[in-house]
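> I have a structure I would like to understand better, so I am pasting it below and will then ask my questions one at a time.
The values are calculated or read from the model by the stated rules, or taken from the named source; none is laboratory data. Remember, predicted model here, so these are calculated numbers, not experimental data. Positions of Cβ are generated from backbone atoms using ideal geometry, with glycine treated the same way; all protein chains shown enter the neighbour counts.
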Amino acid sequence: MSQALVTANLPVPSVVGSLDAYISAVHRIPVLSQDEEQALSRRYNEQEDLESARKLVMSHLRFVVHVARGYSGYGLQIADLIQEGNIGLMKAVKRFDPDQGVRLVSFAVHWIRAEMHEFILRNWRIVKVATTKAQRKLFFNLRKSKKRLGWMNAEEVRTVAKDLGVPEATVREMESRLSGRDIGFEAPADAEDDAKPAPEAFLIDDGADPYDNVADADQADNQLDTLSAALKNLDERSRDIIQRRWLNEDKATLQDLADEYGVSAERIRQVEANAMKKMRGLFAA
């Protein structure tokens, strides 16, 4: 079959500009009957008639808008989602077989969502949050599976894991990823002097003066000694929480510790905050 459908510049209404005007325009395009749909599909399959393909695409643009609205909670522009969905729609028209006895809209939903999913996973976070099949499944189902805001408790994790057919550890890992947010690599121009350093501040400068390197290493050793002393001043539970939340290579989540200590995740956060406050006091002394 010809590749012309997905490479030709079909006169699809542009999403650039007023989104409301675009949505209004696509909803004015008549919906095809099943007989019309099948006739156009056969004409395209047998004669590679791009005008037939154009009519099939145009009549289903309203459905792409409907699907795109279902992904509005990912912080991406709905216009971009519609553009990606339109690509999926054109791919579906190219592959649609009218003799299978299903309507194009039923067949196309897979291709439309697939393009939107790929776009979301590419753009929602700079660092990829879903690479395996199980992680992708969780990414698009975890939010609607959660019954409330905040971290899930152990029972909710077990329920979601069972419903989605994935390990409980995978559910916890994805919940942690979804709860994070990207931060800018460079500090904003209007940042306060005492603001938290941007990631670029932690890059190693290989061209630094050797004297500065030695002085920095000595300061780091002093800070490590101070950190050890600060940890010793904490009670056993607070020390364990700080160690496992911040110092261990395999860091525990608030909910992991909450389940272990039999308290809420909020209580673990409070204990952690109090411990950090005590430690900062020692560093400032």
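> Out of 67, 102, I need the residue that is among the hydrophobic types (A, V, I, L, M, F, W, C), within 25 Å of residue 38 (Cα to Cα), assigned by TED's automatic domain parsing to the domain that holds residue 32 and assigned to a helix (DSSP H, G or I). Which one? Outline the logic, then answer.
Working: 102 fails: assigned to a helix (DSSP H, G or I).
It is 67.
> What residue, of 230, 285, is surrounded by 16 or more Cβ atoms within 10 Å (Cβ to Cβ) and modelled with pLDDT under 85?
The conditions single out 230.
> Here is a further query. Checking residue 65 against (1) among the β-branched types (Val, Ile, Thr); (2) under 17 Å from residue 108 (Cα atoms); (3) surrounded by fewer than 17 Cβ atoms within 10 Å (Cβ to Cβ), which single condition isn't satisfied?
Here residue 65 meets the rest and fails (3).
> Which residue pairs have Cβ atoms under 7 Å apart, sit 6 or more places apart or on different chains, and have a first residue in the range 28-48 that is surrounded by 10 or more Cβ atoms within 10 Å (Cβ to Cβ) and a second that is not in a helix (DSSP H, G or I)?
The qualifying pairs are 34/103; 37/103; 41/96; 43/49; 48/2.
> Another question, if that's okay. Across the range 68-83, what is the total count of residues that are buried (at least 19 other Cβ atoms within 10 Å of the Cβ) and more than 16 Å from the chain's Cα centre (by Cα)?
2
> Note down all Cβ pairs under 6 Å where the first residue falls in the range 92-109 and is closer than 14 Å to residue 67 by Cα, the second is of a type outside the set (Lys, Arg) and surrounded by fewer than 19 Cβ atoms within 10 Å (Cβ to Cβ), and they're at least six residues apart or on different chains.
105/63
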